[in-house]
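Since the structure comes first, as C-alpha cells, the remarks are kept for the end.
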Amino acid sequence: MSEQLERVKTLIVGSGPAGYTAAIYAARADLKPVLYTGMEPGGQLTTTTEVDNFPGYPEGIDGPTMMMQLQQQAERFGTEVRIGMITAVDLSDEVGGIHKVTVDDSKIVEAETVIISTGASAKYLNIPSEQRLRGGGVSACAVCDGFFYKGQEVAIVGGGDTAAEEASYLANICKKVTMLVRKDEMRASKAMQHRVNSLENIEVRYNTEVDEVIGDQVVEGLRMVNNQTGEKEEIAITGLFIAIGHKPNTDIFKGQLEMDETGYLITEPKSTKTSKPGVFASGDAQDKIYRQAITAAGTGCMAALDAERYFATVESKETLVS
Ligand code: NDP
C-alpha cells in the first residue's frame, strides 16, 4: 500500500442527505469539510424515482436531482466532494487525537474530526424477477413510494415491525394489501400485529414466500408459495414492497466504535457523539427507527454542530495546557 498522507479538519463519510447536510453546516462554520461519496454517490435516494415528502418541494422532486442539488449546495460553501470509498479506519481514543482513514485501500487521510453518514442498505430477497423490477413496482420503502399505488392492490414481504408498520401505512392508501410472512407467526410487537389484524384490507398469509414477481417492465402480479405445502398461487398486484430489514453500512467501524447487535452505531442521547471523541454519526447508520431523508438531514446538521462544539473544547483544552 502506497502511503500518501494528507491532513483534513473535517472528514465526512457518505453522500446521502445526512452527509451533505453535515457538509453544508460544517462548511458554513469554516470546518473545511472534505466529503467522500462512497460507492453510491447520492446514497439511497438515487434509487428512488419521485421524492414527495421532503419539505420544500411542493411538486416533488426526483431523488437523483435532489441529491445533485444537495451536493451543489454543499460545494457552494466550500465543501470538497471526492469520489472514493473509505475502506479502513483507525480512530483515536484521545480528545484532540487524529483519526486515520484509508481511502480506496491506497491513500491515508488524517482527520481531526470524522462525521459518519454511511447510511444503510435495504435488504432484498435477491431473486432475479425482484431485482429486475426494482424501480418498476418493487420498492423497499412504503413511506417513499406507497402513494403511487393509491387505490391499487399491493403486497408486502416481512413479518417484523417495519413490515407491520408499512402494511398499515399502505392499507390507508391502497385497496388491498397482501402481507407475506415466512413463518407461522410475525416477529412484530403484539401492538403492531394487533393493528395489522384490525385492518380489514390487509390479508396476512403465513408460511408464505415469494416464488416469482410477475411482469415484464412493471409489476403485474405475484406468484406466492406456501413453504409448508409447496402450493403456489398467483395474485394480481401492481406494487411489491420488501420490508425484511436493513443493514447499516458500518462494517469498517467494527471493533472501533460501539454498535448494537445489528451494526447500528450507538450515539449518546440527543447527540451524534459516538464512543470516540471527535467522531460523530448521523443518518441511517445510527437510526433504525425513522430512516427518512429528512431525519437523516436533521442528524447531519446535528453532527456538524457537535463537531463545531468539539473543536471549541479541543481549543480550550489546548489553551489550558499551553
Ligand atoms: P426485523 O429484522 O425485525 O424483521 C425482519 C422480518 O423480515 C422478519 O419477519 C423476518 O422473518 C423477515 N425476513 C427476513 N428475511 C426474509 C426473507 N428472505 N424472506 C422473507 N422474510 C424475511 O426488521 P425490521 O426492519 O422489521 O425491524 C428492525 C428493527 O427496528 C427491529 O428491532 C424493530 O423492532 C425496529 N423497528 C421499530 C419500529 C417502531 O418501534 N415503531 C418500527 C420499525 C422497526 P423471520 O421472523 O422469519 O426471521
Quick test for you: out of Leu265, Leu257, pick the one residue that is within 16 Å of the ligand (Cβ to nearest atom) and on the phi < 0 side of the Ramachandran plot. Leu265
Filter the range 56-77 for residues that are under 19 Å from the mean Cα position of the chain (by Cα) and of a type in the set (Lys, Arg) and give the result. none
Pairing a residue in the range 164-176 that is hydroxyl-bearing (Ser, Thr, Tyr) with any residue that is open to solvent by less than 40 Å² (accessible area, probe 1.4 Å) and at pLDDT 95 or above, where Cβ atoms lie under 8 Å and the two sit 6 or more apart in sequence or on different chains, gives Ser168/Val196; Ser168/Ile202
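Within the range 80-102, can one find any residue that is of a type outside the set (Gly, Ala, Ser), on the phi < 0 side of the Ramachandran plot and modelled with pLDDT under 95?
The answer is no; no qualifying residue exists.
Per-residue answers, yes or no, for (1) under 30 Å from Leu133 (Cα atoms); (2) crowded, with 22+ Cβ neighbours inside 10 Å; (3) touching a Gly at 6+ places or on another chain (Cβ under 9 Å):
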{"position": "Lys190", "(1), (2), (3)": "no, no, no"}
{"position": "Ser198", "(1), (2), (3)": "no, no, no"}
{"position": "Lys247", "(1), (2), (3)": "yes, no, yes"}
{"position": "Gln256", "(1), (2), (3)": "no, no, no"}
{"position": "Asp284", "(1), (2), (3)": "yes, yes, yes"}
The range 137-195 - residue that is more than 19 Å from Val210 (Cβ to Cβ) and touching a Lys or Arg at 6+ places or on another chain (Cβ under 6 Å) and, of those, nearest to the ligand (Cβ to nearest atom): Ser168
Please note which strands (runs of 3 or more DSSP E) are completely contained in the range 56-162 and include at least 3 residues that are surrounded by 16 or more Cβ atoms within 10 Å (Cβ to Cβ). 99-103, 107-116, 120-122, 153-157
Val225 vs. criteria more than 10 Å from the ligand (Cβ to nearest atom), farther than 25 Å from Arg132 by Cβ and open to solvent by 10 Å² or more (accessible area, probe 1.4 Å): no
Conditions (1) touching a helix residue (DSSP H, G or I) at 6+ places or on another chain (Cβ under 9 Å); (2) under 27 Å from Glu315 (Cβ atoms); number of the one not met by Gly97: (1)
Tell me whether the range 43-54 contains one or more residues that are at pLDDT 90 or above, out of contact with any Asp or Glu (no Cβ under 8 Å at 6 or more places or on another chain), over 18 Å from Gly283 (Cα atoms) and open to solvent by 20 Å² or more (accessible area, probe 1.4 Å). no
With respect to the numbered conditions (1) buried (at least 24 other Cβ atoms within 10 Å of the Cβ); (2) out of contact with any Lys or Arg (no Cβ under 8 Å at 6 or more places or on another chain); (3) farther than 22 Å from Phe147 by Cα, which one is the sole condition not fulfilled by Pro17? (3)
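Please work out if Glu185 is open to solvent by 70 Å² or more (accessible area, probe 1.4 Å) and either modelled with pLDDT under 95 or under 16 Å from Ala164 (Cβ atoms) (or both).
So Glu185 fits the description; yes.
The values are calculated or read from the model by the stated rules, or taken from the named source; none is laboratory data. Keep in mind it's a predicted model, so treat the numbers as computed, not measured. Backbone-built Cβ (ideal geometry, glycine too); neighbour counts: all protein chains shown. Areas reflect the complete protein model, heavy atoms only, side chains present, ligands, DNA and RNA absent. Shrake-Rupley method; radii C 1.70, N 1.55, O 1.52, S 1.80 Å.
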